[in-house]
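See below for the structure under consideration.
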């Protein structure tokens, strides 16, 4: 059974710092991996999607990497801003069956001005 | 503007009552999903549908029911059999080809007392 873990559960850093969020999964037989952002009381916003054949994806200040063999993904945020404060969730797409996602519990990120 | 709408945003019900949550999408996506989110936890899959008039149970389907009579609509009924219905409910849909990226609605917060 696929399990997804995100550590740490919460992270607080000063504005301007570069930071890395971690996601690990137990079964390397995945179709893809998605990173989402969730603001309090809101739905999920898709940030980046990495296909299983890819190593990384970039969008603006965000860079996500994928190492299937070690069961790890990282989300790198450059030059953090207070507006980046949110919960970040990673989700792994199962290889079989309707592309169901298995979610980690999220990392709550706070960027201090 | 294409997207997913969920209504209502907040819903309050008495214990023992059934309640239906609405999810509509105009993205022309074939697949739709319902997730439940509890505080401090990742999302858990309730039901999903890959095509009209067909749906499958997810990981926590007990006490829930769905229908998929139209491509655009995937309502979720929380029945009185659901032991702990108070939660944040999120609807999602998936692209029909390519990356299978999932897109989420804004969510419905259900409180049962």
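Residues checked against (1) modelled with pLDDT under 95; (2) within 14 Å of another protein chain (Cβ to nearest Cβ); (3) over 15 Å from residue B:19 (Cβ atoms); (4) in a loop (DSSP other than H, G, I, E, B):
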site	(1), (2), (3), (4)
B:46	no, yes, no, no
B:50	yes, yes, yes, no
B:62	no, no, yes, yes
B:65	no, no, no, no
B:68	no, yes, yes, yes
B:77	no, no, no, no
B:84	yes, no, no, yes
B:88	no, yes, no, no
B:92	no, yes, yes, no
#### Entry: Residues that are within 12 Å of the chain's Cα centre (by Cα), closer than 14 Å to residue B:41 by Cα and not in a loop (DSSP other than H, G, I, E, B), drawn from region A:1-43
A:4, A:5, A:38
### Query
Just checking, how many residues over region A:53-69 are touching a strand residue (DSSP E or B) at 6+ places or on another chain (Cβ under 8 Å) and either touching a residue at least 40 places away in the same chain (Cβ under 8 Å) or crowded, with 16+ Cβ neighbours inside 10 Å (or both)?
7
### Task
Kindly list, by first and then second residue, each pair from a residue in region B:27-43 that is facing chain A (nearest Cβ under 10 Å) and closer than 11 Å to residue A:100 by Cα to a residue that is surrounded by fewer than 19 Cβ atoms within 10 Å (Cβ to Cβ) and modelled with pLDDT under 90, limited to pairs with Cβ atoms under 8 Å and residues at least 6 apart or on different chains.
B:31/A:98; B:31/B:96
### Query
Within region A:71-79, is even one residue in contact (Cβ under 8 Å) with a residue 60 or more places away in the chain, surrounded by 16 or more Cβ atoms within 10 Å (Cβ to Cβ) and part of a strand (DSSP E or B)?
no
### Message
Under 6 Å between Cβ atoms, which residue pairs at least 6 apart in sequence (or on different chains) link something in region A:17-39 that is more than 11 Å from chain B (Cβ to nearest Cβ) with a partner that is modelled with pLDDT of 95 or more and surrounded by fewer than 19 Cβ atoms within 10 Å (Cβ to Cβ)?
### Response
A:18/A:78; A:19/A:13; A:20/A:74; A:20/A:76; A:22/A:74; A:24/A:5; A:24/A:72
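The values are calculated or read from the model by the stated rules, or taken from the named source; none is laboratory data. Given the structure is predicted, the values throughout are model-derived calculations rather than measurements. Note: ideal-geometry Cβ built from the backbone for every residue, glycine included; neighbour counts use all protein chains shown.
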